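What follows draws every value from the coordinates through simple rules; no lab data is involved. As the structure is a computational prediction, the values presented were derived from the model and not from experiment. Cβ coordinates were reconstructed from backbone atoms using ideal geometry, including for glycine residues, and neighbour counts include every protein chain displayed.
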Amino acid sequence: MKTDIVLAGVGGQGVLSMAAIIAAAALREGLQVKQGEVHGMSQRGGAVQAGLRLGDAPIHSDVVPEGGAQLILSLEPVEALRYLAWLAPDGVVMTAAEPFENIPDYPPLEDIHARIRALNGGHLIEAARLAKQAGSPRATNIVMVGAAAPYLPIDAAHLEAEIRERFRSKGADVVEHCLRAFALGREAGACIEA
Amino acid sequence: MAESTLTPDTTALQMLLGDEAVAFAAIDAGIAAAYAYPGTPSTEITECLLAEAERSGAFHANWCANEKTAMEAALGVSMVGGRAIVSMKHVGLNVAADPFMNAALTGLRGGVVVAVADDPGMHSSQNEQDSRVYAEFARTLCLEPGDQQEAYAMTREAFELSERFQVPVVVRLVTRLCHGRAPVLREPPRAKNPIDGAPDPRSWILLPANARRLWRGLLDRQPALADYSEHCGFNTLVLRGDDGGLGIITTGAGRNHYLENLPDLERAPSHLHIGAYPLPKAMIRRLCAHVERLLILEEGYPVVERALRGVLQSPLPIFGKEGGPGECVLPLDGELTPGTVRKALGLPPRPTVDPKQAGALPTRPPQLCEGCPHRDAYAAISELREELHDVVVAGDIGCYTLGALPPYRGIDSCVCMGASIGMAKGAADAGHQRVLAVIGDSTFLHSGVTPLMDAVSADTNMTLLILDNQTVAMTGTQPTVLSDARLGPVITGLGVPPEHCHVVHAHPKHRHEFAELVKREVAHQGLSVIVVQRECIVAARRHKEERRQQAHGEEANR
């Protein structure tokens, strides 16, 4: 078993935290893990991409091979489309629907949404709305971890345990909001799968 | 000094960045000190070391003015018997090259490990130089880890080798390894060396009479270095009877992409992996005697490939990054990827979703943050450039390099740390009338002070803008070596005339006044310096959050 994931978004959106939660939960699951991160220049509001490789046998390359990813998990719809060359033909694109518009030539959003819907495995999640509903607008990336959960080879309980651990120092309220964000995302992701 | 012994957990795997694996290895190897200047992708080595030093108090760690001072401090530690690690990005080794090259001649006592992070693909750098070349240049050993566990093991070993052969040992890292996380198991720590302060001056004073003898000694040790490389476990050779005549040489992370694709090959080739240099020549000869053709997969320059091709014709066809038609199967620039290695192995590309389905996408380059003080400075520079069309602006390295992009297009050059000042001086010397240099506070302290001395000495007709955001922002808001309050005295102390040295506050409100001030100083026939101050917005937010948490903690303790 091997699951390669490309995580995408804009610098500052929380792509690395999303990768770290899934990676740590995968370790709880007993899987082998390689996680590639992006530091430095591109973090400043630029396109950011991280790779996550999970498997039950040793993983070699630090980067996801072209055509190897089962999942593109994105916090931004334009960014979700940037890495299709890494997606396996039967792969899934799961992205937050809400745009991050910090560039002058951002395409019409309906057009971007239509391109994602036109993909075989393209799914839009209203992650920012669900995060707000969960009580924490900042938990958009946690909603997306939830949305990805049905596609991950990881028990949801391990993901929840990791979220608890990670946000414990921020107080019980934050943990509660994040768990709710995760649950709402998971529901949204599972609906699509059915 | 009270020391608590670090007791690493040697039974549990930790998810570590390659950089962190290097840091923990240095700690477990018993370092007395760690030095560095921040630089992507090496920064996290020293961030990890600083955090551990603060936690345990077991060793000294600090950010230095630049890589040269860091390297020299490490030599001082070694001179009195201690072990030291000095970390830098690849171009940092250019800055540290003087002490690095000469360190190989000294009689190193405590082990000195030089962890250098190369950046093939230039994710956050201005070139793709390969630090293995430097190691050979200095006639020292280089270890090149392929994964995070090996980064740990090799850094530990590098300290032993440095003491055994009395040379600084290079651990060559690459971006993907530095910034990739994988499980790492630590090993039992080793005790620190005693600090005895009794160096042999004949081994440390590089006067020609000593240096000739020491250089001869280094040359005489070369066979021992080669012998180590030939027999160490980091270089492995597997010869197969059914390899179909194909031999593969991988180095460092090149092995990962090879193994990634190996299951798809009909026959497994014979395989030499190189993780330790100087080149294991006998192993290479054994491989070549066994196969009919060679494919070389190395990240960075074709170092192994060039050594094998030489000038005379190779008895075997060699495939790699250079050579004649049909032999270049990998690009000379950029990173190796599973895909490029797959192609070089003659395998068809993996099927993918058609990327054309994405349609045309806008690029999203990095940019200055909302609320960044540099935006105010660049708005003024843009205003000035619109009004006076012949202003040349020499830029420098840091977040403010992003002022090159629209809407500001505020700089005309960016070459290396500190170059803005020297280049502005050159442009002014050549007769250009309106010349600006733009540099950040940390880059100024790194490499800008000495060229400013040149400009003071000649009262060069140029204006220097120091964008002082009170931090090393690009690499993650590390503290600068001197606080902003001490920057002014440094500048006037160099001899910049006080009436042409200004310290102003960066603010959207003051943009116009600031532009007027720059205009006045550009018109002045001589040297002027303007320091534009306001804390980096990212650092300011972090400090606010830290104060909030501190207050929260104090309240909870009440």
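Numbers at a glance
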read-out	value
Neighbourhood net charge (14 Å Cβ-Cβ; Lys/Arg +1, Asp/Glu -1) for B:SER483	-3
On Cα atoms only, tilt of B:208-231 relative to the major axis of chain B in degrees	50
Overall dimensions of region A:2-193 as given by Cα atoms, namely Rg and Dmax in Å	15.4, 45
Relative contact order for region A:45-139, counting Cα pairs under 8 Å that sit 6 or more residues apart, in percent	22
Dipole of chain A, positive direction: furthest Cα of A:ALA114, A:SER17, A:ILE72, with charges on the beta-carbon	A:SER17
Residue-averaged 222 nm ellipticity for chain B, from DSSP H runs of 4+ at -39500 (n - 2.57), nearest 500	-11500 deg cm²/dmol
Amide proton proximity set for B:ALA506, modelled H, under 5 Å, gap of 5+	B:GLN533, B:ARG534
Exercise: per-residue mean of other protein chain Cβ atoms within 10 Å, A:32-38	6
3J(HN,Hα) from dihedral phi, region B:301-306, Karplus parametrisation 6.51/-1.76/1.60, rounded to Hz, x for glycine, proline	5, x, 6, 5, 4, 5
Relative contact order (%) - criterion: Cα under 8 Å, at least six apart; region: region A:2-193	21
Proximal charge balance of B:PRO315 [Cβ under 13 Å; K/R count +1, D/E count -1]	+2
Residues B:HIS179, B:HIS446, A:HIS123, sorted so that the one with the fewest Cβ neighbours within 10 Å comes first	A:HIS123, B:HIS179, B:HIS446
Taking A:GLU162, A:GLU79, A:GLU126 and counting other C-beta atoms within 10 Å, the order from fewest to most	A:GLU126, A:GLU162, A:GLU79
Of the DSSP H helices in chain A, those whose Cα atoms cover at least 18 Å axially and whose Kyte score averages 0.5 or more	A:15-28
Cα-based Rg and Dmax for region B:430-504, where Dmax is the largest Cα-Cα distance (Å)	12.8, 39
Peptide-level mean, for A:53-65, of C-beta atoms on other protein chains within 10 Å	6
Relative contact order %, chain B, counting alpha carbon pairs below 8 Å whose residues are six or more apart	11
Sorted by Cβ neighbour density within 10 Å, fewest at the top, the residues B:TYR228, B:TYR152	B:TYR228, B:TYR152
For chain B, with +1 on Lys and Arg beta carbons and -1 on Asp and Glu, the positive-most of B:THR401, B:GLY488, B:PRO183 along the dipole	B:PRO183
Region A:2-193: antiparallel DSSP beta bridges as a percent of all, rounded to 5	50
Percent of beta bridges antiparallel (DSSP, the protein assembly as shown, rounded to nearest 5)	30
Percentage of interatomic Cα-Cα distances in the protein assembly as shown larger than 45 Å	28
Degrees between helix B:449-458 axis and first principal axis of chain B (Cα, 0 to 90, nearest 10)	50
Prolate/oblate/rounded label for region B:1-146 (Cα gyration tensor, a/c 1.5)	oblate
Chain B - share of DSSP beta bridges that are antiparallel (%, nearest 5)	15
Per-residue [θ]222 nm for chain A (sum of -39500 (n - 2.57) over DSSP H runs n ≥ 4, rounded to 500)	-12500 deg cm²/dmol
In Hz, Karplus ³J(HN,Hα) per residue of region B:126-135 (6.51, -1.76, 1.60; θ = phi - 60°; x = Gly, Pro)	9, 8, 10, 4, 10, 5, 4, 5, 5, 4
Net charge, A:LEU130 excluded, C-beta distance under 11 Å - Lys, Arg +1, Asp, Glu -1	+1
J(HN,Hα) series, region B:485-498, from Karplus relation 6.51 cos²θ - 1.76 cosθ + 1.60, nearest Hz, glycine and proline x	5, 8, 6, x, x, 4, 5, 5, x, 6, x, 5, x, x
For region B:149-277, convex hull of alpha carbons as volume per residue, Å³	164
Amide H within-cut-off set for B:ILE530, under 5 Å, with H built and near neighbours excluded	B:LEU464, B:LEU465, B:ILE466, B:HIS502
Out-of-range pairs (alpha-carbon distance over 28 Å; input B:LYS89/B:LYS356; A:LYS2/B:LYS343; B:LYS425/B:LYS509)	B:LYS89/B:LYS356; B:LYS425/B:LYS509
For B:SER413, distant residues with modelled amide H under 5 Å away	B:GLY395
Helix B:67-79 vs. chain B, principal-axis angle (Cα, 0 to 90°, nearest 10)	60
